[in-house]
Amino acid sequence: MKLTVFQFEGTPEELDASQVLRELADQHHGSTSVAAQGVRDGVLPAWIPGVADEGQQPVRQLLGRSPAPGLFVQFLAETTRWENVSVHGIKRKNAPSDAPLDYSRYLRLRRQGSQFGGFAYVYAEHSAINLRLNYTKQQLDELGAITARTLTTGHREYRVSVDLSDETSLAHALQLAKLAYDAT
């Protein structure tokens, strides 16, 4: 048996448009599988989904210290596909009006047009997702989101948090993020 493995990095559009990739695939006579993961072998994708140009480098640096960078990138990739979702840096208090957004601590996922602000605050360095949900632990357990926890500090609207550590926690974070998104 002969096994040949190629790894290509790029957006789906870039990969679809690649003539070289198309020629390689046409020459291959066997089964082909594509593994779409946020991070492979410790290498981040060329573009962190949803993050503006000025935030790419700071977010990359935070992901370099993250316990689950691949899961975090997958979370962003999925949520930024939802209608009208955008990722924002934070405008620091007392910052001049023309100061750029800060991407060095956390990001805000916002449904454009919503008057509620963000539906999630996400921390790349810790792979933590804080959601705009005011649920009890019992309510979370009833939803089956057993990896989610409730917070007792911070803004009263953002009381649910998920630390991304495996595929189960990612699924719970996405499930709860959809609830928060729908409520904003």
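Suppose the Debye formula is applied to equal point scatterers at every Cα of the range 56-131; what is log10 I(q)/I(0) at q = 0.22 Å⁻¹?
Here log10 of I(q) over I(0) equals -1.04.
With a ≥ b ≥ c taken as the square roots of the eigenvalues of the C-alpha gyration tensor of the range 35-184, please select rounded if a/c is under 1.5 and otherwise prolate if a/b is larger than b/c or oblate if it is not? Display every interim value, and only then the final one.
On the way: a/c = 1.64, a/b = 1.13, b/c = 1.46.
Judged from the Cα gyration tensor, the range 35-184 comes out oblate (a/c at least 1.5, b/c at or above a/b).
Read phi for every residue in the range 114-125 and hand back ³J(HN,Hα) as whole Hz from Karplus 6.51 cos²θ - 1.76 cosθ + 1.60, θ = phi - 60°, with x for Gly and Pro.
After applying 6.51 cos²θ - 1.76 cosθ + 1.60, I find 7, 8, 8, x, x, 9, 7, 10, 10, 10, 4, 4 Hz.
Restricting to Cα pairs below 8 Å that are 6+ residues apart, what does the relative contact order work out to for the range 37-184? Please round to a whole percent. Intermediate results must be reported in sequence, preceding the final value.
Details: 265 pairs, mean separation 30.6, N = 148.
Computed value for the range 37-184: 21 percent relative contact order.
What is the percent carbon and sulfur in the accessible area of the range 58-184, measuring with a 1.4 Å probe over the protein chains and ignoring ligands? It would help to have the intermediate numbers written out before the result.
Numbers: 3090 of 6510 Å².
After summing per-atom areas, the C and S share lands at 48 percent.
Quote the convex hull volume per residue of the range 120-174, based on C-alpha atoms, as a whole number of Å³.
Per-residue hull volume (Cα only) is 70 Å³.
Among 122-130, 47-55, how do they line up by average Cβ neighbours within 10 Å per residue, starting with the highest? Kindly include the intermediate steps, with their values, before the conclusion.
On the way: 122-130: 21.9, 47-55: 17.3.
The peptides rank, most packed first, as 122-130, 47-55.
The values are calculated or read from the model by the stated rules, or taken from the named source; none is laboratory data. These numbers come from a predicted model, not from an experiment. Please note: Cβ atoms are built from the backbone with ideal geometry, for glycine as well, and neighbour counts cover all protein chains shown. These area figures cover heavy atoms from the full protein model, side chains too; ligands, DNA and RNA do not enter into them. Shrake-Rupley method; radii C 1.70, N 1.55, O 1.52, S 1.80 Å.
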